[in-house]
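A.B. asks: The structure that follows is given in the form of structure tokens.
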Amino acid sequence: MAVRMQDLTKQPERCVFTGSPPDEINYAEAFWHSVRLQPTMESRLVSSDIKQRLGTKKITSKSSEGSGPNDKGKEINKLKEFFMRARALDQIAEFDRLRKLAELRLKDRETLHQRRQERIKREEISRDKVKKIMTVEEIEKAKREKKRKIGEAYSIKQMIQEIDEFEKRKEAEREIQRKNVKPSEDEQPDTPEK
């Protein structure tokens, strides 16, 4: 697209003001001389609202000239101190968070250990792990039972012997119970009075 520029300022008559007072004509001419029409945004290389140069600090007095670099150094030191404090606070907060997590983990472990101990105690109680004292005969019998293989048949003689032993034990238990139970006064046998 070709752009053609025309200079309209060199023309003798720019506008015609008919029926206007001379003061207004002078104002209008001054206005049109002061206005510069900017080229369209598409035809510009750089936007007019973007500043091309960095702003410079205006020096007002000689005393501020000498203290300029020191002020920057002080500001930099203040910034460094601020960032160091902020970083230290962040590290402290992180340390506190990790410490709390470690404490919670230890509490959880202790709770699990206590629950495990309680469960073991309950299992021991439910199993009735109270061991009774075994006699020599019972120990020998248990050994014989362990030696016997599964599915091994009893001989008739062994079966009769075990049944006899069982009956003897039951009789002995009944005798002990009879001796321990005292007859009441009503059940006492009648004896003739002398």
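The values are calculated or read from the model by the stated rules, or taken from the named source; none is laboratory data. This structure is a prediction, so every number in the text was calculated from the model and none was measured. As a convention, Cβ positions derive from the backbone with ideal geometry for all residues, glycine included, and neighbour counts pool all protein chains shown.
A.B. asks: Listed residues L89, L45, L54; which is modelled with pLDDT of 80 or more and not small (G, A, S)?
C.D. replies: The conditions single out L89.
A.B. asks: Specify the residue that is surrounded by the fewest Cβ atoms within 10 Å (Cβ to Cβ); the eligible residues are those in the range 128-141 that are modelled with pLDDT of 80 or more and of a type in the set (A, V, I, L, M, F, W, C).
C.D. replies: Checked the range 128-141; the qualifying residue surrounded by the fewest Cβ atoms within 10 Å (Cβ to Cβ) is V136.
A.B. asks: Can you find, within the range 142-194, the residue that is modelled with the highest pLDDT among those that are part of a helix (DSSP H, G or I) and among the small types (G, A, S)?
C.D. replies: Only one residue tops the list, namely A172.
A.B. asks: Also, quick follow-up: Please specify each residue of the range 111-127 satisfying the condition of being surrounded by 10 or more Cβ atoms within 10 Å (Cβ to Cβ) and charged (D, E, K, R).
C.D. replies: R115, R116, E118, R119, K121, R122, E123, E124
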